[in-house]
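All of the numbers you see were taken from the coordinates with simple rules; none came from a lab. Bear in mind the structure is a predicted one, so any value in this text is a computation, not a measurement. Cβ coordinates were reconstructed from backbone atoms using ideal geometry, including for glycine residues, and neighbour counts include every protein chain displayed.
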Amino acid sequence: MTYRSDFDFGDLRLSRIVTNPPWFENAYVVRHKPSNSAVVIDPGGLAPDIAKAAGEGGCKLAAIWLTHGHFDHLAGVADLQDLQDVPCIAHADEMRLIEAQPAFSASMLDQPVRLPRNLSWLSGIDPVLDLGGHRVRAITTPGHTPGGVCYDFGPFVITGDTLFDQGVGRTDLPGGDGVVLKSSIDRLLALLDPEVRLFAGHGEDWTVGDAKPWWVQMGGYFFS
């Protein structure tokens, strides 16, 4: 069974598709209705379901974007590219981590993941992407991984494993840094208005208005 939730934000339609156990990772499809363009973010599996969602309403899949390079977030990229040959985009600071995922996943799974093809790399601080004329800011949020980003669509942000509903990404894996992650979350929440919805890589969504007081109260706990 595919677990899916849909959300409307004006010209944007967001679908959250929960991938298979044990990771229950949230893959996202964002469709820009005026341009009939779509992007997939962090397809950790279920490529056929994600491709179907991306094509709804006559939309055409333009690209796959990664918040970070852990295998539970990119395991479905190559399968999705088999169905639709589109580029995959991540931050350049994730290059080494992404290249290590077949070996890393092989140590935890029966079969290693396939690497994405046709990779393009973002660089610098907060680069801007385009979805059918809609500007999307890739807020750089290292800490969980060296090149993690959160995709800011305006009314909502895809936070990957940087920030969950009352939780943060772990920093004990290769490339993780708790001090850096705390700084990234401080900066992320300072950039966003209270009504903005936050959609994480696992679990439910919440708002910046809910996250800020929680973070003031709990932020130091995670990195003490």
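Okay, here's what the table says:
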{"item": "Environment charge at PRO116 (Cβ cut-off 15 Å; Lys +1, Arg +1, Asp -1, Glu -1)", "result": "-4"}
{"item": "Segment 82-223 - percent relative contact order, Cα under 8 Å, separation 6 or more", "result": "18"}
{"item": "Largest-first principal axis extents of the Cα set of segment 29-169 (Å)", "result": "44, 31, 29"}
{"item": "Global form of segment 1-102, assessed from the alpha-carbon gyration tensor, a/c cut-off 1.5", "result": "prolate"}
{"item": "Cα centroid of segment 36-100 to Cα centroid of segment 169-187, whole Å", "result": "24"}
{"item": "Unit charges at the beta carbon, dipole of segment 155-206: most positive-side option, LEU189, GLY176, GLY160", "result": "GLY176"}
{"item": "Stretchable slack from SER5 to SER183, in nm (0.36 nm times residue separation minus alpha-carbon distance)", "result": "61.0 nm"}
{"item": "Virtual spin-label span in nm between SER35 and TRP121, 7 Å along Cα→Cβ", "result": "2.5"}
{"item": "Student exercise, the chain dipole from Lys, Arg, Asp, Glu Cβ charges, in Debye to nearest 20", "result": "280"}
{"item": "Residues with amide H under 5 Å from that of LEU122, placed H, sequence gap 5 or more", "result": "ALA90, HIS91, ALA92"}
{"item": "Relative contact order, percent, segment 1-141 [alpha-carbon distance under 8 Å, six or more residues apart]", "result": "17"}
{"item": "Note, ³J(HN,Hα) from phi for segment 2-14, Karplus 6.51, -1.76, 1.60, rounded to Hz, x at Gly and Pro", "result": "9, 9, 9, 10, 10, 9, 10, 9, x, 6, 10, 10, 10"}
{"item": "Per-pair calculated FRET efficiency, R0 = 22 Å: GLN166 and ASP193 via Cβ, rounded to 0.05", "result": "0.65"}
{"item": "In sequence order, calculated HN-Hα J values of segment 113-120 (Karplus, 6.51, -1.76, 1.60; Hz; x Gly/Pro)", "result": "6, 8, 6, x, 9, 6, 7, 10"}
{"item": "Count of Lys pairs (Cα-Cα under 26 Å; at least 8 positions apart or interchain) in the chain", "result": "4"}
